[in-house]
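The values are calculated or read from the model by the stated rules, or taken from the named source; none is laboratory data. Just so it is clear, the structure is predicted and the values come from calculations on it, not from any experiment. Glycine gets a Cβ as well: all are built from the backbone with ideal geometry, and neighbour counts include every protein chain shown. When the accessible area is computed, the model is the full protein with side chains, heavy atoms only, and any ligands, DNA or RNA have been set aside. Shrake-Rupley method; radii C 1.70, N 1.55, O 1.52, S 1.80 Å.
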Amino acid sequence: MTTGEGSARRARLAEIFRFALVGGVNTGTFFGCYLLLHPWMPYFAAYSLAFLLSMIGSFFLNTYFTYRTRPTWKKFALFPLTNVTNYLVQSVGLYALVTWAGMDDRVAPLVAAVVAIPFTYLISQRILVPRKPTGGPDGPEGPGPENGMDERQPSRLA
């Protein structure tokens with residue numbers, strides 16, 4: 001393995017670690033919102049609203065912290081659309097766990113969320129990380145995201 005490959009691998013592992021950390025914070029936020037909303041509405045409505053609120057937080061945590069990229073309105077619009085897969089995996093899991101497996105409806109969302117993690121990572125990375133321009137190894141614009149040179153400018157929704 002060359003030095004560049006080792007550096008890229010370490011950068012990827014650090015990104016996965018940050019994603020997992022954000023996922024833990026996001027799961028806690030989701031679960032807290034779910035528990036707060038659950039007494040006031042049916043479990044699935046509470047789940048859906050908590051999911052929406054935590055997804056907004058997840059967008060900002062992932063852009064700023066995980067992928068260290070600039071949030072834009074385009075990414076903000078695409079992020080929830082691509083999380084449809086995550087929502088479906090969690091929703092089907094929640095329904096199956098509560099209805100068929102008889103799991104407590106306060107715990108089932110956590111189990112369903114764990115199953116959806118790999119899908120969420122792949123989808124969010126695809127949306128939030130800019131693609132390298134075609135050209136040479138670094139493209140015509142110079143070094144790509146793995147070298148910390150993508151769109152790491154002052155963050156703002158633009």
Task: Residues (under 23 Å from LEU128 (Cβ atoms) and free of Cβ contacts under 8 Å to residues at least 24 places away in the same chain) located in segment 22-46 - done: GLY24, GLY28, CYS33
- [ ] Give the residue that is modelled with the highest pLDDT, with candidates limited to residues of segment 13-30 that are open to solvent by 50 Å² or more (accessible area, probe 1.4 Å) and of a type outside the set (Val, Ile, Thr).
- [x] LEU21
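Among the residues of segment 41-54, which ones are out of contact with any Asp or Glu (no Cβ under 7 Å at 6 or more places or on another chain) and either surrounded by 18 or more Cβ atoms within 10 Å (Cβ to Cβ) or closer than 14 Å to ARG106 by Cα (or both)?
Within segment 41-54, MET41, PRO42, PHE44, ALA45, ALA46, TYR47, SER48, ALA50, PHE51, SER54 meet the criteria.
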Open item on the list: Residues that are of a type in the set (S, T, N, Q) and either under 18 Å from TYR121 (Cα atoms) or over 19 Å from the mean Cα position of the chain (by Cα) (or both): list the helices (runs of 4 or more DSSP H) wholly contained in segment 30-108 that include at least 3 such residues.
Closed with: 84-95
TODO: Name the one entry in VAL98, VAL115 that is surrounded by fewer than 18 Cβ atoms within 10 Å (Cβ to Cβ), closer than 21 Å to TYR47 by Cα and out of contact with any strand residue (DSSP E or B) (no Cβ under 6 Å at 6 or more places or on another chain).
DONE: VAL115
TODO: Hey, could you check segment 58-69 for residues that are closer than 25 Å to ARG10 by Cβ and touching a helix residue (DSSP H, G or I) at 6+ places or on another chain (Cβ under 7 Å) and say which is surrounded by the most Cβ atoms within 10 Å (Cβ to Cβ)?
DONE: ASN62
TODO: All but one of (1) within 16 Å of GLN90 (Cβ to Cβ); (2) touching a Lys or Arg at 6+ places or on another chain (Cβ under 7 Å) hold for ALA46, so report the exception by its number.
DONE: (2)
Task: Residues that are out of contact with any helix residue (DSSP H, G or I) (no Cβ under 7 Å at 6 or more places or on another chain) and of a type outside the set (Phe, Trp, Tyr), drawn from segment 17-39 - done: ALA20, LEU21, GLY24, GLY28, GLY32, LEU35, LEU36, PRO39
